Structures are given as structure tokens and as C-alpha cells.
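In what follows, a single structure is set out as C-alpha cells and then discussed.
None of the figures in this text is laboratory data; all of them are computed from the coordinates on show. All of these numbers come straight from a predicted model, not from anything done at the bench. Here the Cβ is made from the backbone with ideal geometry for all residues, glycine too, and neighbour counts use every protein chain on show.
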Amino acid sequence: MLSDVQKSIVMYVFTQPEGHLIGNHTYSHIQLTKTNRERFREELIRTNEILKEITGEEVQYVRPPYGSWDKAFEKELNMFPVLWNVDTLDT
Ligand SMILES: [Zn+2]
């Protein structure tokens, strides 16, 4: 679980003007194309639950690690990818 410091960082970001763009980046930063689809889905859900617990709101955005995304998740989970610049180096 998150520490109080981590929770306060989430709340800080969430209350900024662009806070609604808070995005799920998976729990353990897994790459969809290199993992089991079910596991990736579970990570999205788990991370959403944590973020919802802190902010009280449903998370609708996901920033898929390495930009790997499966469009079927958009219908399944009602989540939409926010893809940054393709050249961004993900870590
Ligand atoms: Zn990343």
C-alpha cells in the first residue's frame, strides 16, 4: 500500500487544475506486450482501486507503460489511454 507521503502527493496532483488527468500507469510498471493480458488488466484495476480510495473518484485515464495498449480495455474497463509524445523515454 501507499505511504502517507505518497497519498499526499496523489492528492496534491489531483487537486491541481489538470488533476483530472491523473492516470493509471499500472502498479508494477509492466509492459503489456511482454506480459500476460490478464495480469495487465488486474494491475489496472488494482491501481484504480488505490487511486479511487485516495481521491474518491473513478480513474478514466491510463498512461500505458512503454505505450503498449490494447484497445479492447477501453470497453472492458471504461478507461482511455493518454499517450504522450512517442519519443518520450519511459522508465
Ligand atoms: Zn513509465
### Task
Apply the Karplus parameterisation 6.51 cos²θ - 1.76 cosθ + 1.60, with θ equal to phi minus 60°, to every residue of segment 22-34 and state each ³J(HN,Hα) to the nearest whole Hz, in sequence, with x for glycine and proline.
4, x, 6, 10, 6, 6, 10, 6, 9, 9, 3, 6, 10
### Query
Pick from L77, L32, L44: which residue has the top mean-square fluctuation in a GNM of the chain where Cα pairs under 10 Å get a spring?
L77
### Query
Rg (Å, one decimal) plus Dmax (Å, integer) for the alpha carbons of the chain?
12.9, 35
### Query
Which far-off residues, 5 or more places away or on another chain, put their amide H under 5 Å from the one on Y61, with H placed in the peptide plane?
N24, F80
## Note on the structure
Two pseudo-spin positions, 7 Å from Cα along C-beta at Y61 and at E42, lie apart in nanometres by 2.8 nm
